[in-house]
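Taking it in order: structure first as structure tokens, then the write-up.
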């Protein structure tokens, strides 16, 4: 039982909710200015970087994992092919921006429908292929993506093995006083020094601006999926996940809902890819192997299957854990030679196994248990229509 | 024509590896209807054990292979006991997650221990060409890989049909509940399947990298798994004979599709994925598998 | 007037005849019990009406409409809802969400409007209100916001009933609702069945092996054995029917 | 008084949240055929599954005085209880002969082949089909195979779950005659669960009638057969 009980719909709850939102915004805002240069934490002579570029990369993963939540978490279709759509989105955006000078966000007009349609198409086999088999096929799909990019016919668009470089940047508009805000933050006593020193360079301004825009884009995606989940189609896909037969008997079209959720998931994968390439400035086929798809599944499971906040945690985990693992060069008692291998994969693999045993609901389920000790949110009472007879 | 024949020979020798790995997958699928996503990594790891035994411990090559197969079997048995058995076999999701975790972890461990530089593998078979047939070269390597899969298939058949544990394994594969009611302990029986699968997979990788044109490195089976899965699905996931034919067929499709259907080399994997997709869509039980009956 | 007319229905699985020449009908407002020994074909008949199985011969008419031309996922649109023998709730959803999803065919939101939040909130409020009213009516108001997983079996059975009721069924099919219930729960169940028949203006087809329940609530009983109808009539007529007795008790060897 | 092979007291069992048995007491004595009768869903199958360790259960289950209430299924077989499950439970992909070998899995003696030959004499039709897949046999043949397989473990107690289910009446009466024979010739104690009361009581020594997971009536077979309690349990009269 929580120490504090809040009932939805009451003013106390509204305050609680808005406090949460403001806190989140504050974190995003502070992170932008604190980590615009490479922020780092040092532990035992190891430097762990938390630069803004990495956070933006994490955002791109969050959106891709959000897509996986829709198809795997909520609809129960085990897809190991999300990397395919992530890569597709990345390359499409890169091509449109680099070769046709489109603004980054305009590319979504192409990426979203294209990935959506491709997702629908890949959802069609999923109507017949189930469970493990679907996982196999989608893994195969993810595996062929890098070789597709190398195809001669696509070479003019993808630039083959060299990677598609995009040098278009997201620059803040003139009226945006990023510099002023930064200077203001630096003047705050005691904590000011954590916000760097002096004016922001162009590179820094651009990093902050990209981060803000992508965070907003991701927030929109999360809000849309959240709307979906608590609505008629969202309940329908979850019903399909939990029991197909009774879903069908209650008039829920299985084919329609499965393919649509594949479409939505793939479109989100494409959006993630666009964020990724906009931050990185290059799309290269080696980034979009089946390993990426497996990482997305890792993020999904580690964060928490079937939860939106799980996607946030999952994105952070797969963006930072491998990086930090390879930044760990000194650990007492561990030979140095061991630490300069692929320790990230090792930690993710072992972490995945350990979580499956101890916290099958992912990190988020642990967080929720802790939170439930403090705050308990009660549902808003629903008024009964006057005609209904209440039986005791 | 000569080139065509040559491609068939090459396809067969590739296919032999897929066949061995597919047999490994089938051993586990038969009993549990689970696909071990880490099967390729198990095999790669076994390959490194063989390499270490042969090059660093100076054990004769075939001795190293047999010892390596034994060690991987024991490792797999331990993994089955500790990581797989605690979960309900009917609930696939946690098990898939565990095998994906194993995939990442084993791959990383191999990378940490042995690094990613490709290593030459000692010769397993006599080198050079055996015959020239109509202008195509049939190498000893190809001949011996094919002999190997026949020997393995024969060995597995004997093991399953002539031993008590083999009988128990077939019983559990056929009807788990009735097997328990006959006094068979399901856990150790499935463990036997995992051990055999790992041993066969190790042999598969050893044979694969024993080719003079290949080397051993941690990524060697990352796409190999997909070829093997396609092979196993084509043969019918619960048929060992089907796995062999499926493996050879995938090898042939790969080596013939590339030059003759104008599929670029990079896309040979696509051929395997397309086969997998078509099989699952139109004949989910594969060519030789048992059809699954679904009841409401 | 007959609401459901089953005419000469036959179902085969491979070589096995699960149902043959089955004919019966249910009048509007009736509670019809469908009974028979194990393997008699009761659940098969259920699955035929809910269009999970296709009959190999025969016709089905519901409310004047040919059911066999209706695709399975539109069956609930015609007004037929069912419960399942072993419960088929959506375990990872809350109780009220289960019931709200039961109103799928009566609600309107689609992927686009839901994601863009166009008219979503209004529909949510309306469905939640309706669902809560039905749950309260069945005495389930307290558990409305709980997850299904972990609730007592008898409660889950009533939630499944609530999920049917929100769809405004004309025909409600109950598949062995008494399974797993204790004696006192079975007693309550018969009251609930009669109550919803009246309150929600229902016709009910009841497959059940708990004879006390069937004989207590049914207006008429149809008896199957080996896929054939062996008797039809009032509960007490059926109980005395020699064919029924020998189907159940067997003939001496 | 003959010794009790199986003694069950206050047996509770079910599936997950569903409680099916609410405290059953019954026993089977050496050499007896005992039937448990009841309508669909009364809990007959659950009773057998609880005895043979296929499901979680509580209460006291003693096999020749030793408690097996916490023993797992494979070990209960080793203790001498063979269970022929409902729907026969043969191993469809295995040959008829291999099915029998699986039945003898727990044995380490060298009389297995002799026993197999003996069953092929008892059921010549199985002998003719020794190399065919069990799944290709007819329903009646599969039931014979399932019984023979169970007896291959040389059990002291045989549990039979609705052996008549789905079989034509003529095959059923033949099958039951064979059970009586096996009981007489091999001395195998049997606990049979049946819906077909007339048939089962015809070969049984004693019977129990259960309803909704509770004991409804019990007594010697010839007494129960004329008793109205079965009809009440089955048809709710």
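The values are calculated or read from the model by the stated rules, or taken from the named source; none is laboratory data. What you see is a predicted model, and the numbers here were worked out from it, not measured in a lab. Counting neighbours? That spans all protein chains shown, and the Cβs are built from the backbone with ideal geometry, glycine included.
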- Message: I'd like to check something: does segment A:356-370 contain any residue that is within 13 Å of chain B (Cβ to nearest Cβ), in contact (Cβ under 8 Å) with a residue 24 or more places away in the chain and farther than 30 Å from residue A:4 by Cα?
- Response: yes
- Task: Find the residue count for segment B:127-176, including only residues that are loosely packed, with under 14 Cβ neighbours inside 10 Å, in contact (Cβ under 8 Å) with a residue 12 or more places away in the chain and touching a strand residue (DSSP E or B) at 6+ places or on another chain (Cβ under 9 Å).
- Result: 2
- Query: Somewhere in segment D:163-176, is a residue out of contact with any strand residue (DSSP E or B) (no Cβ under 6 Å at 6 or more places or on another chain), crowded, with 23+ Cβ neighbours inside 10 Å and touching a residue at least 40 places away in the same chain (Cβ under 8 Å)?
  - Reply: yes
- Message: Going by what's in this entry, would residue D:155 be described as within 11 Å of another protein chain (Cβ to nearest Cβ) and touching a strand residue (DSSP E or B) at 6+ places or on another chain (Cβ under 6 Å)?
- Response: yes
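What residue, of A:240, A:166, is at pLDDT 80 or above and in contact with a strand residue (DSSP E or B) (Cβ under 8 Å, 6 or more places away or on another chain)?
A:166
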- Identify, by number, the condition in (1) over 19 Å from the mean Cα position of the chain (by Cα); (2) surrounded by 21 or more Cβ atoms within 10 Å (Cβ to Cβ) that residue C:135 doesn't meet. (1)
- Identify, from the list B:163, B:137, the residue that is within 30 Å of residue B:30 (Cα to Cα) and more than 14 Å from chain A (Cβ to nearest Cβ). B:163
- Among the listed residues A:346, A:320, which satisfies the condition of being within 30 Å of residue A:53 (Cβ to Cβ), assigned to a helix (DSSP H, G or I) and more than 14 Å from every other protein chain (Cβ to nearest Cβ)? A:320
- Query: In segment A:243-301, how many residues are more than 9 Å from every other protein chain (Cβ to nearest Cβ) and either out of contact with any helix residue (DSSP H, G or I) (no Cβ under 9 Å at 6 or more places or on another chain) or closer than 21 Å to residue A:58 by Cβ (or both)?
  - Reply: 28
- Among the helices (runs of 4 or more DSSP H) contained in segment C:156-253, which hold 2 or more residues that are crowded, with 19+ Cβ neighbours inside 10 Å and away from chain D (no Cβ under 14 Å)? C:183-199
- Near pairs, Cβ below 6 angstrom, 6+ apart or cross-chain, from segment D:48-66 (within 13 Å of another protein chain (Cβ to nearest Cβ) and at positive phi) to any residue that is outside any helix (DSSP H, G or I) and at pLDDT below 95: D:53/D:71; D:53/D:72
- Query: How many residues are touching a residue at least 12 places away in the same chain (Cβ under 8 Å), more than 10 Å from every other protein chain (Cβ to nearest Cβ) and farther than 16 Å from residue C:204 by Cβ when one looks only at segment C:54-76?
  - Reply: 12
- Item | Condition broken by residue A:189, with the remaining ones in (1) farther than 30 Å from residue C:108 by Cβ; (2) touching a helix residue (DSSP H, G or I) at 6+ places or on another chain (Cβ under 8 Å) satisfied | (2)
- Item | Residue satisfying all of: in segment C:34-53; more than 14 Å from chain A (Cβ to nearest Cβ) and within 25 Å of residue A:254 (Cα to Cα); surrounded by the most Cβ atoms within 10 Å (Cβ to Cβ) among these | C:45
- Query: Can you name the condition, by its number, that residue A:155 falls short on among (1) surrounded by 14 or more Cβ atoms within 10 Å (Cβ to Cβ); (2) within 11 Å of another protein chain (Cβ to nearest Cβ)?
  - Reply: (1)
- Qualifying residue in segment A:174-189 (condition: within 30 Å of residue A:257 (Cα to Cα), out of contact with any strand residue (DSSP E or B) (no Cβ under 6 Å at 6 or more places or on another chain) and assigned to a loop (DSSP other than H, G, I, E, B)): no
- Output the residues belonging to segment D:97-115 that are part of a helix (DSSP H, G or I) and within 13 Å of chain B (Cβ to nearest Cβ). D:97, D:98, D:99, D:100, D:101, D:102, D:103, D:112
- Filtering helices (runs of 4 or more DSSP H) wholly in segment B:184-290 for at least 1 residues that are modelled with pLDDT under 80 gives B:240-260, B:268-282
- Message: Every residue in segment D:207-233 that is surrounded by 22 or more Cβ atoms within 10 Å (Cβ to Cβ), in a strand (DSSP E or B) and in contact with a strand residue (DSSP E or B) (Cβ under 8 Å, 6 or more places away or on another chain), please.
- Response: D:207, D:208, D:209, D:210
- Task: Please specify each residue of segment D:129-142 satisfying the condition of being under 11 Å from residue D:89 (Cα atoms) and either more than 14 Å from chain C (Cβ to nearest Cβ) or assigned to a loop (DSSP other than H, G, I, E, B) (or both).
- Result: D:134
- Is it true that residue A:113 is surrounded by fewer than 18 Cβ atoms within 10 Å (Cβ to Cβ) and either at negative phi or touching a helix residue (DSSP H, G or I) at 6+ places or on another chain (Cβ under 9 Å) (or both)? yes
- Does residue C:150 fit the bill of being surrounded by fewer than 19 Cβ atoms within 10 Å (Cβ to Cβ), part of a loop (DSSP other than H, G, I, E, B) and within 14 Å of chain D (Cβ to nearest Cβ)? yes
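Search segment D:75-95 for residues being assigned to a helix (DSSP H, G or I) and surrounded by fewer than 20 Cβ atoms within 10 Å (Cβ to Cβ), and hand back the single one that is farthest from the other protein chains (Cβ to nearest Cβ).
Out of the qualifying residues, it is D:75.
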- Query: Got a sec? Which of D:150, D:200 is closer than 18 Å to residue D:80 by Cα, at the interface with another protein chain (Cβ under 10 Å from one of its Cβ atoms) and touching a strand residue (DSSP E or B) at 6+ places or on another chain (Cβ under 6 Å)?
  - Reply: D:150
- Does segment B:101-113 include one or more residues that are closer than 17 Å to residue B:198 by Cβ, modelled with pLDDT of 90 or more, touching a helix residue (DSSP H, G or I) at 6+ places or on another chain (Cβ under 8 Å) and away from chain A (no Cβ under 14 Å)? no
- Can you name every residue in segment A:327-343 that is assigned to a helix (DSSP H, G or I) and within 10 Å of another protein chain (Cβ to nearest Cβ)? A:337, A:338, A:339, A:343
- Message: Condition first: surrounded by fewer than 16 Cβ atoms within 10 Å (Cβ to Cβ) and without any contact (Cβ under 8 Å) to a residue 60 or more places away in the chain. Now tell me which residues in segment B:68-93 satisfy that.
- Response: B:78, B:82, B:86, B:88, B:90, B:91
